[in-house]
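Trainee: My structure is below; once you've seen it, I'll send some questions.
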Amino acid sequence: MFGYSLLIGLSAIFLAGFSAWKVISRQIQNQEMAQVASYIQTGASAYLKRQTRTILSLSPILFIILYLILGWEVALTSLFGVFTSLAAAYVGMSICVRANLQTADISSESPKEAFQTAVFGGSVMGLCITGFSISILSLFFMIFRRPELVVGFGFGASLAALFAQIGGGIFTKSADIGADLVGKVEKGIPEDDPRNAAVVADLVGDNVGDCAGRGADLFESFSDDIITGSIVALLFIPKYGPKVIFLPLLLQSVGIIASSLGIFSTKFLKKNFNPSHTFILGLGISSLFSILGSFCLCKLLLNDLIIWLASVLGVVVTLVSATVTRHYAGMDGYPVKCIAQASKRGAALNLITAISYGLRSPIIPIMMIILAIIGSYKISGGILLAISAANIGTDLLIAYIMASDAFGPIVDNAAGIAEMSKAPKKVVDSLSSLDSVGNTMKAITKAYSMSSGTVTAFVIFATFFSLTKINFLTVGDPFLIGFLFLGVTLPYLIASLTIGSAAKTALQIVDEVRRQFREIKGLFEGKTTPDYAKCVDIATKNAIREMVLPGVISIALPMAVGLLFGAGPLGALLIGAVASAALLGPFLNNTGTALDNAKKLIENNNQKGTFEHAAAVVGDTVGDPFKDVAGPSLLIFMKLVGMSALLVAPLLH
């Protein structure tokens, strides 16, 4: 049956190729837009190549260490995890940067076609990460026949995701902050004004952070859930027979099919379409077919509908997280309107209001996650496989969610390209309205990723406890409680490091943009062109350097705790780290996105240049590293900590 999942994976890659062809085959009409887009393409490619070289330079060291400790199988699969994640992200991002130009160019002809181009461009990333992952994992399961030997693949994917997300996040937000502080606040010029030396770096950052970084993130989630699900399935061969081992791969295959139907349903739009409603409709179609497909699979493969109900709970977790995020961070939600109103009283109240709503935003998703985990456990009579099915259920919409997420930076870049190339105001406004929808879709993706990642992290440490045969931890043991609290502190350390890195890089970019306005004659008057490459280079160098320390902490600390102190302390550290990150991550994501959308709401009401707009710009600037650096990094951190623990678990019996 591994052949079926391999076929679905290859089909997803084929559909990605078809979507890519649809995007790049059209002839560009506006050459000024093409010139601006070439700056973005060059910068994005240069950054991703340097990031890839840095990660790959560490790979031989990783291979040697894993080979000496755990054997050649784990070492080999870990390298494939790194390579496959980077390849999927690179291919997807390459199409996204081309879709940026196509979306901007076609928007003057038809807003509907511009929307469709951005959706198909984003679908390449969604289909690539799922197609690449399930294809390679199917082959590894065919070869090794032992899921525990494939843990290295998940570890490699997690490692690549952490570097890609942290590096991409630092790049994009430092450039964004630098461009806003000098351009909007000091010079009073528009967001994507071509006179601003940091504007190209900002647009490049959207691609390397929100496209490549998020793609690597979801590739990791998708892969980790298949691997941990297969390890758990081994325990239930006596109950269901050998065919249970195929459940994780086949469930994910159902999700790919359902997500593809949701993506391509957006093709059939009404004449007076609403982009936000179209995405919701596609999400509903993907959810419906995921539920129906998983029903047929669980009935035919296991003849056990309890496992199906558990997977449905996973889908519900995704939908609830999306709904809550739309409320707290969407432009139509009450909190964002309150934040915008508070901006009339200054930046301090803008921030205080946003933080107050952000602090409460994780409560409902966390409650839903708890209900899904406990519900799956109870209705199945205490079967860990049911929790694993619920975990995979959160992944069934992953290709659709990723396509929606990549839509955001595509239309954001398209709006920037249109403004820099001095396109008509009607075109810029049309793309800006799509950008607002894209911003909400990016927030939904982050909320989905955090909810799915929390369930994944729970299954990872449940799998760790199963492999190490730990049935309980003694709450009264000060030694274990100490490691529990150490785990609680780690997400705060990672958040501090990543936010601080974005700030340090932004400082340098602010200085550079100021220098260019000061020293390049005629720049502010628009008589000459700034040195865009200099800001791209600053952001690249700093992002590559600053991503290393958080990665080392996330990998080395759990391994050291396990090898030096044993399985019990490592288990306590995992619980503390996951519990802390599961609350801190959504707070950072939702607060940052709400601040961003409050600013956009004020701008959409034609209030640029007002006192409340200046306050909202400050709030948006503070929120940027929250939502695009620290928050997403914590999601990857808690899964990477778990995968590091699984790697050393065989040595801790």
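Trainee: Could you say which residue among 241, 229 is over 20 Å from the mean Cα position of the chain (by Cα), surrounded by fewer than 24 Cβ atoms within 10 Å (Cβ to Cβ), among the small types (Gly, Ala, Ser) and more than 21 Å from residue 409 (Cα to Cα)? Give the steps one after another, and end with the answer.
Mentor: Details: 229 fails: surrounded by fewer than 24 Cβ atoms within 10 Å (Cβ to Cβ).
241 is the lone residue from the list that is over 20 Å from the mean Cα position of the chain (by Cα), surrounded by fewer than 24 Cβ atoms within 10 Å (Cβ to Cβ), among the small types (Gly, Ala, Ser) and more than 21 Å from residue 409 (Cα to Cα).
Trainee: Please go through the range 618-653 and give me each residue that is surrounded by fewer than 24 Cβ atoms within 10 Å (Cβ to Cβ) and under 16 Å from residue 337 (Cα atoms), ordered by number.
Mentor: Within the range 618-653, none qualify.
Trainee: Going by the structure shown, is residue 492 surrounded by 24 or more Cβ atoms within 10 Å (Cβ to Cβ) and in contact (Cβ under 8 Å) with a residue 40 or more places away in the chain? Don't jump to the end; show me each part of the working.
Mentor: Details: surrounded by 24 or more Cβ atoms within 10 Å (Cβ to Cβ): no; in contact (Cβ under 8 Å) with a residue 40 or more places away in the chain: yes.
In short, no.
Trainee: On to the next question. Filter the range 495-506 down to residues that are surrounded by fewer than 23 Cβ atoms within 10 Å (Cβ to Cβ) and closer than 20 Å to residue 618 by Cβ, then give me how many there are. If you could, list the steps in order and put the result at the bottom.
Mentor: Of all residues in the range 495-506, those surrounded by fewer than 23 Cβ atoms within 10 Å (Cβ to Cβ) come to 496-497, 499-500, 503-504.
Subsequent filtering for residues that are closer than 20 Å to residue 618 by Cβ retains 499-500, 503-504.
Going through the range 495-506 one residue at a time, the tally reaches 4.
Trainee: Would you check which residues across the range 520-537 are of a type in the set (Val, Ile, Thr) and without any contact (Cβ under 8 Å) to a residue 40 or more places away in the chain and list them? Can you show your working first?
Mentor: As a first pass, look at the range 520-537 and keep what is of a type in the set (Val, Ile, Thr): 520, 528-529, 536.
Result: 520, 528.
Trainee: Restricted to the range 54-70, and to residues that are farther than 25 Å from residue 544 by Cβ and in contact (Cβ under 8 Å) with a residue 24 or more places away in the chain, which residue is surrounded by the fewest Cβ atoms within 10 Å (Cβ to Cβ)? Walk me through it before giving the result.
Mentor: Of the residues in the range 54-70, the ones farther than 25 Å from residue 544 by Cβ are 67-70.
Checking the rest, the ones that are also in contact (Cβ under 8 Å) with a residue 24 or more places away in the chain come to 69-70.
Working: 69: 15, 70: 20.
Step by step, filter the range 54-70, then rank; the result is 69.
Trainee: Test residue 562 against the criterion of being within 16 Å of residue 478 (Cα to Cα) and either not in a helix (DSSP H, G or I) or not acidic (Asp, Glu) (or both), and give yes or no.
Mentor: Working: within 16 Å of residue 478 (Cα to Cα): no; either not in a helix (DSSP H, G or I) or not acidic (Asp, Glu) (or both): yes.
When the stated conditions are applied, residue 562 does not pass them.
Trainee: Here's something else I'd like to know. Residues in the range 307-360 that are among the small types (Gly, Ala, Ser) and farther than 17 Å from residue 621 by Cα: how many? Spell out the reasoning first.
Mentor: From the range 307-360, those among the small types (Gly, Ala, Ser) are 310-311, 314, 321-322, 329-330, 333, 340, 342-343, 346-348, 354, 356, 358; that's our starting set.
Now restrict to residues that are farther than 17 Å from residue 621 by Cα: 310-311, 314, 321-322, 330, 333, 356.
Total satisfying the criteria: 8.
Trainee: State yes or no: is residue 113 in contact (Cβ under 8 Å) with a residue 40 or more places away in the chain and of a type in the set (Asp, Glu)? Spell out how you get there, then give the answer.
Mentor: On the way: in contact (Cβ under 8 Å) with a residue 40 or more places away in the chain: no; of a type in the set (Asp, Glu): yes.
Criteria not met by residue 113.
Trainee: Hey, could you check the range 347-371 for residues that are in contact (Cβ under 8 Å) with a residue 60 or more places away in the chain and within 15 Å of residue 455 (Cα to Cα) and say which is surrounded by the fewest Cβ atoms within 10 Å (Cβ to Cβ)?
Mentor: 366
Trainee: Which of the residues that make up the range 598-642 are among the small types (Gly, Ala, Ser), more than 18 Å from residue 351 (Cβ to Cβ) and in contact with a Leu (Cβ under 8 Å, 6 or more places away or on another chain)? Walk me through how you get there before you give the answer.
Mentor: So the first thing to find is which residues in the range 598-642 are among the small types (Gly, Ala, Ser), and the list is 598, 609, 614-616, 619, 623, 630-631, 633, 642.
Now restrict to residues that are more than 18 Å from residue 351 (Cβ to Cβ): 609, 633, 642.
The answer is 633, 642.
Listed here are the residues, each with its yes/no results for (1) more than 23 Å from residue 643 (Cβ to Cβ); (2) assigned to a helix (DSSP H, G or I).
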| site | (1), (2) |
| --- | --- |
| 460 | no, yes |
| 465 | no, yes |
| 476 | yes, no |
| 481 | yes, yes |
| 484 | no, yes |
| 488 | no, yes |
| 495 | no, yes |
| 498 | no, yes |
| 502 | yes, yes |
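Trainee: Among (1) over 12 Å from residue 411 (Cα atoms); (2) in a helix (DSSP H, G or I), there is one condition residue 116 misses while meeting the rest; what is its number?
Mentor: The failed condition is (1).
Trainee: Let me ask another. Can you say whether residue 422 is in a helix (DSSP H, G or I), in contact (Cβ under 8 Å) with a residue 12 or more places away in the chain and either touching a Lys or Arg at 6+ places or on another chain (Cβ under 7 Å) or closer than 30 Å to residue 23 by Cα (or both), as far as the supplied structure shows? Lay out the reasoning, then the answer.
Mentor: On the way: in a helix (DSSP H, G or I): no; in contact (Cβ under 8 Å) with a residue 12 or more places away in the chain: yes; either touching a Lys or Arg at 6+ places or on another chain (Cβ under 7 Å) or closer than 30 Å to residue 23 by Cα (or both): yes.
Against the criterion (in a helix (DSSP H, G or I), in contact (Cβ under 8 Å) with a residue 12 or more places away in the chain and either touching a Lys or Arg at 6+ places or on another chain (Cβ under 7 Å) or closer than 30 Å to residue 23 by Cα (or both)), residue 422 does not qualify.
Trainee: With respect to residue 318, determine if the residue is out of contact with any Pro (no Cβ under 8 Å at 6 or more places or on another chain), surrounded by 24 or more Cβ atoms within 10 Å (Cβ to Cβ), in a helix (DSSP H, G or I) and in contact (Cβ under 8 Å) with a residue 12 or more places away in the chain. Write out each step before concluding.
Mentor: On the way: out of contact with any Pro (no Cβ under 8 Å at 6 or more places or on another chain): yes; surrounded by 24 or more Cβ atoms within 10 Å (Cβ to Cβ): yes; in a helix (DSSP H, G or I): yes; in contact (Cβ under 8 Å) with a residue 12 or more places away in the chain: yes.
Yes, satisfied.
Trainee: So which residues in the range 396-419 are within 30 Å of residue 229 (Cα to Cα) and either more than 18 Å from the chain's Cα centre (by Cα) or not in a helix (DSSP H, G or I) (or both)?
Mentor: Matches in the range 396-419: 396, 397.
Trainee: A further question on this structure: Among the residues of the range 635-651, which ones are touching a Ser or Thr at 6+ places or on another chain (Cβ under 6 Å) and either basic (Lys, Arg) or closer than 19 Å to residue 73 by Cβ (or both)?
Mentor: Within the range 635-651, 639, 643, 649 qualify.
A quick yes/no check of all residues on (1) modelled with pLDDT under 85; (2) β-branched (Val, Ile, Thr); (3) buried (at least 24 other Cβ atoms within 10 Å of the Cβ); (4) at positive phi:
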{"position": "82", "(1), (2), (3), (4)": "no, yes, yes, no"}
{"position": "100", "(1), (2), (3), (4)": "no, no, yes, no"}
{"position": "103", "(1), (2), (3), (4)": "no, yes, yes, no"}
{"position": "107", "(1), (2), (3), (4)": "yes, no, yes, no"}
{"position": "111", "(1), (2), (3), (4)": "yes, no, no, no"}
{"position": "118", "(1), (2), (3), (4)": "no, no, yes, no"}
{"position": "130", "(1), (2), (3), (4)": "no, yes, yes, no"}
{"position": "140", "(1), (2), (3), (4)": "no, no, no, no"}
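Trainee: Being assigned to a helix (DSSP H, G or I), buried (at least 24 other Cβ atoms within 10 Å of the Cβ) and of a type in the set (A, V, I, L, M) narrows it down to one of 258, 197, so name that one. Step through it out loud before you land on a result.
Mentor: Values: 197 fails: assigned to a helix (DSSP H, G or I).
Exactly one of 258, 197 is assigned to a helix (DSSP H, G or I), buried (at least 24 other Cβ atoms within 10 Å of the Cβ) and of a type in the set (A, V, I, L, M), namely 258.
Trainee: State the number of residues belonging to the range 272-310 that are over 24 Å from residue 372 (Cβ atoms) and touching a residue at least 40 places away in the same chain (Cβ under 8 Å).
Mentor: Going through the range 272-310 one residue at a time, the tally reaches 4.
Trainee: Here is a follow-up. Name every residue in the range 292-315 that is surrounded by fewer than 19 Cβ atoms within 10 Å (Cβ to Cβ) and part of a helix (DSSP H, G or I), in order of residue number. Quick ask: steps written out before the conclusion?
Mentor: Pass one, the range 292-315, residues surrounded by fewer than 19 Cβ atoms within 10 Å (Cβ to Cβ): 292, 295-296, 299-301, 303, 305-306.
Of everything in the range 292-315, those that are surrounded by fewer than 19 Cβ atoms within 10 Å (Cβ to Cβ) and part of a helix (DSSP H, G or I) turn out to be 292, 295, 296, 299, 300, 301, 305, 306.
Trainee: Right, another one. Name the residue, out of 205, 209, 215, 183, that is within 24 Å of residue 391 (Cα to Cα) and assigned to a helix (DSSP H, G or I). Give the derivation first.
Mentor: Working: 205 fails: within 24 Å of residue 391 (Cα to Cα); 209 fails: within 24 Å of residue 391 (Cα to Cα); 183 fails: within 24 Å of residue 391 (Cα to Cα).
It is 215.
Trainee: For residue 151, work out the one condition from (1) crowded, with 23+ Cβ neighbours inside 10 Å; (2) over 30 Å from residue 10 (Cα atoms); (3) aliphatic (A, V, I, L, M) it doesn't fulfil.
Mentor: Going through the list (1) crowded, with 23+ Cβ neighbours inside 10 Å; (2) over 30 Å from residue 10 (Cα atoms); (3) aliphatic (A, V, I, L, M), residue 151 breaks only (2).
Trainee: Take the conditions in a helix (DSSP H, G or I) and at pLDDT below 90 and apply them to residue 513. Does it pass? Step through it out loud before you land on a result.
Mentor: Values: in a helix (DSSP H, G or I): yes; at pLDDT below 90: yes.
It is true that residue 513 is in a helix (DSSP H, G or I) and at pLDDT below 90.
Trainee: If I filter the range 8-28 down to residues being of a type outside the set (Gly, Ala, Ser) and crowded, with 17+ Cβ neighbours inside 10 Å, which single residue comes out as nearest to residue 255 (Cα to Cα)? Steps first, answer last, please.
Mentor: Step one: of the range 8-28, the residues of a type outside the set (Gly, Ala, Ser) are 8, 10, 13-15, 18, 21-24, 26-28.
From what is left, the residues that are crowded, with 17+ Cβ neighbours inside 10 Å are 8, 13, 15, 22-23.
On the way: 8: 10, 13: 14, 15: 15, 22: 23, 23: 24 Å.
The extreme case among them is 8.
Trainee: Going by the conditions given, is residue 606 in a helix (DSSP H, G or I) and out of contact with any strand residue (DSSP E or B) (no Cβ under 7 Å at 6 or more places or on another chain)?
Mentor: Details: in a helix (DSSP H, G or I): no; out of contact with any strand residue (DSSP E or B) (no Cβ under 7 Å at 6 or more places or on another chain): yes.
Criteria not met by residue 606.
Trainee: Please determine whether any residue of the range 372-395 is buried (at least 24 other Cβ atoms within 10 Å of the Cβ) and not in a helix (DSSP H, G or I).
Mentor: yes
The values are calculated or read from the model by the stated rules, or taken from the named source; none is laboratory data. Note that the coordinates shown come from a computational prediction; the quantities given were computed from them, not determined experimentally. With ideal geometry, Cβ positions are generated from the backbone for all residues, glycine too; neighbour counts draw on all protein chains shown.
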